[in-house]
Every structure is written in C-alpha cells, then in structure tokens.
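The values are calculated or read from the model by the stated rules, or taken from the named source; none is laboratory data. Keep in mind that this is a model prediction, so the values were computed, not measured. Neighbour counts run over all protein chains shown; Cβ positions are idealised from the backbone, glycine included.
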Amino acid sequence: MYYSIGRKLVRIEEKGDIATPFAAVLHSDEFNDGDLPSGFSGSDLPRYPKPRFCKAEVHEDMLSGTLSVPEKKTFGKHSGFSYYIRSNGVLFADDSGLAASIMEKIEKSVTWREPSVGHFFYSFMETMVEDDLRYLENIEDRLAKLEASVLSDKLEGFMYSIVAIRKEILARSHYYSQLSDVALELLENENEIFDDPSLRLLKHFSDRAHRLRQETQMLREYSLQISEAYQTQIDIRQNVVMKVLTVVTAIFLPLTLIAGWYGMNFEKMPELHWDYGYLYVFLLSIMVVVGCLWIFKRKKFLK
C-alpha cells in the first residue's frame, strides 16, 4: 500500500507512479521479497521480527525502529510494526494492520501546508495517540468507582480490580516513556532528515508523550491512595471484630469467676446446700451481665 505525501495523503494504485516524498505499508512477506521502493534496499534495512517495544535507531542516512502499541480493549496484547525513514519517504513493515489503519485516518482527515516526511511522521505519531487521553480518563473513572465502593464498605473483588488497573497503568507508563525516548531520538536529527518546521512539530509530540506519561503517574498515585483507603476499611473491620470480642470476653470473665468460685464444692460453702442457691447464682450472673453492658454503654464502648 503506497501513498504520495502532498497537501494530503493520496493512495497510489500503481507502484510505478510513486513520487517523493511517499509513505508505504508492506506486509512482512512483501518486505522480505526485497521489492522495495526507490531509496530503500532490502540488504541495508535492519530486521525487527517481533516488535515488543518502541525504539529509534540512527543510521548514516536513515532512521529506523519499532513501535509497539498496547491494545486498549485487550490488556496484554500489543500491535507492533517497524518503520524506516529516509529523506524521500517512510516505509512501514506491518502485519498487525495498525499502521494501515492509521494511514487511512490520515488520508481522510489531515492536510499539510508544508508537506514533508517530517510532517507526515508527526501526523502518524499524533494519530497513534489521539484517543489516549480519553482512554486514561476512562481508567480514572474506573478508579473513582472503586474508590466509591471502598467508601461504601463494598470491598468484595477490590484487590482483583485494583491490581488489574495498576498493571494497565504501568504498561501505559512504560509505553509513553518509550515514545518520549523515540521522540527525543528523532529530535536529535543527526542525519538531517527533518527540516526545522518538522522538528518543531516533533517537539510538540515529545511534549505530548511526556504529558501522557505524567497523567499515568498521577493515576498510579491515585490507585495507591485508593489502596490505602481499602486498607483503612479493612483495619476498621478488624477493629470492630476485636472490639466485639473484647466486650464479650469482658462480660464472660466475671461469669467465669462465679462459675469457678461455686464450682469448688467446699463442704462449708453456705450456698451449696441452700434451696435457692441455683436461683441466686443465676440472678447474680444476669446482674453481672446487665451491669457490664451498662458500664460499657456509659463509657461509649458500645456504639
């Protein structure tokens, strides 16, 4: 799939009609066959079989690297592809379909006043992250719902949910950190592929990637605060349980003393052979329980 980079991105149906600057998306089999556009030689291009992260490498007259984008709908999956940038065009080797879908978006929506390879690649990177802020806001909404459930003392399934969200945030943080590194490498412009207007745009993308990473850092801190609130609720529950156990123990200690006292069966114990001895001990035990409850209530141990 070939495109001409003019004021707009225009798809080229016939390969022989390619004009510079251009952009192309090839599958790995097309890439390996070596039938590449002018300026790109298969023997000189580095291979990246399984792109798993974002990086940029500087060559004598070319920039190359990989972009691995974590999927928003399915955590843990990535769409990866490699790219090669020369002054006359950009080449993508992509089996995931992501690069092709981004190109289609650019074709429909982007217009350049000063078309160039740098302007195109900036638009490509911007399109790649255009919905990411909304995605991070969605994660924030999920965290807010978890926080509300914690404050409502609905703790079931909390740890599973918060751990999953933290992993998602961490993956995004690594992704934006890698994008920042790629942008900084492009800004070095050691082989002078990009002109000054393109460098200003790439600086804008670098700042955006940095802001997105800062947003993930804030989400990580927010998730830690929610975890602390969860732990506080757990501690409160445990304190309530310990309080109940303490009250029960305090009530039954005097009863245990009475039972032990009258269980000694001394021969001269006056209540032992008294007709009302059992009733006396029974009423005494009830008075002890009521008295303990009254004292606990007055001391505000029971709420």
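Summary of computed values
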{"quantity": "Failed item in (1) assigned to a helix (DSSP H, G or I); (2) touching a strand residue (DSSP E or B) at 6+ places or on another chain (Cβ under 7 Å); (3) not hydrophobic (A, V, I, L, M, F, W, C), with residue 115 passing the rest", "calculated": "(1)"}
{"quantity": "Flag if residue 250 is surrounded by fewer than 16 Cβ atoms within 10 Å (Cβ to Cβ) and not assigned by TED's automatic domain parsing to the domain that holds residue 286", "calculated": "no"}
{"quantity": "In segment 187-211, the residues that are touching a Ser or Thr at 6+ places or on another chain (Cβ under 8 Å) and part of a helix (DSSP H, G or I)", "calculated": "187, 197, 198, 206, 209, 210"}
{"quantity": "In segment 13-30, residue farthest from residue 46 (Cα to Cα) [restricted to those that are at pLDDT 80 or above and hydrophobic (A, V, I, L, M, F, W, C)]", "calculated": "22"}
{"quantity": "Residue 39 being in contact with an Asp or Glu (Cβ under 6 Å, 6 or more places away or on another chain) and either in contact (Cβ under 8 Å) with a residue 12 or more places away in the chain or not β-branched (Val, Ile, Thr) (or both)", "calculated": "no"}
{"quantity": "Checklist (1) outside any strand (DSSP E or B); (2) surrounded by fewer than 19 Cβ atoms within 10 Å (Cβ to Cβ); (3) within 27 Å of the chain's Cα centre (by Cα) applied to residue 102, failing item", "calculated": "(2)"}
{"quantity": "In segment 118-134, the residues that are of a type outside the set (Asp, Glu), part of a helix (DSSP H, G or I) and surrounded by 14 or more Cβ atoms within 10 Å (Cβ to Cβ)", "calculated": "118, 119, 120, 121, 122, 123, 124, 125, 127, 128"}
{"quantity": "Residues satisfying the stated conditions in segment 54-71, i.e. out of contact with any Gly (no Cβ under 8 Å at 6 or more places or on another chain) and either loosely packed, with under 15 Cβ neighbours inside 10 Å or polar (S, T, N, Q) (or both)", "calculated": "60, 61, 64, 71"}
{"quantity": "Selection count, segment 171-195, where residues are exposed (fewer than 14 other Cβ atoms within 10 Å of the Cβ) and under 24 Å from the mean Cα position of the chain (by Cα)", "calculated": "0"}
{"quantity": "Subset of segment 77-97 (residues that are assigned to a loop (DSSP other than H, G, I, E, B) and either touching a residue at least 40 places away in the same chain (Cβ under 8 Å) or among the hydroxyl-bearing types (Ser, Thr, Tyr) (or both))", "calculated": "87, 88, 94, 95, 96"}
{"quantity": "Candidate set from segment 160-214 (those that are in contact with an Asp or Glu (Cβ under 9 Å, 6 or more places away or on another chain) and basic (Lys, Arg)); member that is farthest from residue 52 (Cα to Cα)", "calculated": "208"}
{"quantity": "Segment 144-169: number of residues that are touching a residue at least 12 places away in the same chain (Cβ under 8 Å), among the small types (Gly, Ala, Ser) and surrounded by 14 or more Cβ atoms within 10 Å (Cβ to Cβ)", "calculated": "1"}
{"quantity": "Failed item, numbered, when residue 72 is tested on (1) in a strand (DSSP E or B); (2) touching a residue at least 60 places away in the same chain (Cβ under 8 Å)", "calculated": "(1)"}
{"quantity": "Any pair with Cβ under 8 angstrom, 6 or more apart, that starts in segment 170-194 at a residue that is at positive phi and ends at one that is at pLDDT 90 or above", "calculated": "189/199"}
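Residues are listed down the side, and each one gets a yes or a no for (1) part of a helix (DSSP H, G or I); (2) modelled with pLDDT of 85 or more; (3) over 49 Å from the mean Cα position of the chain (by Cα):
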position: 237; (1), (2), (3): yes, no, no
position: 243; (1), (2), (3): yes, no, no
position: 258; (1), (2), (3): yes, no, yes
position: 265; (1), (2), (3): no, no, yes
position: 269; (1), (2), (3): no, no, yes
position: 278; (1), (2), (3): yes, no, yes
position: 281; (1), (2), (3): yes, no, yes
position: 293; (1), (2), (3): yes, no, yes
position: 302; (1), (2), (3): no, no, no
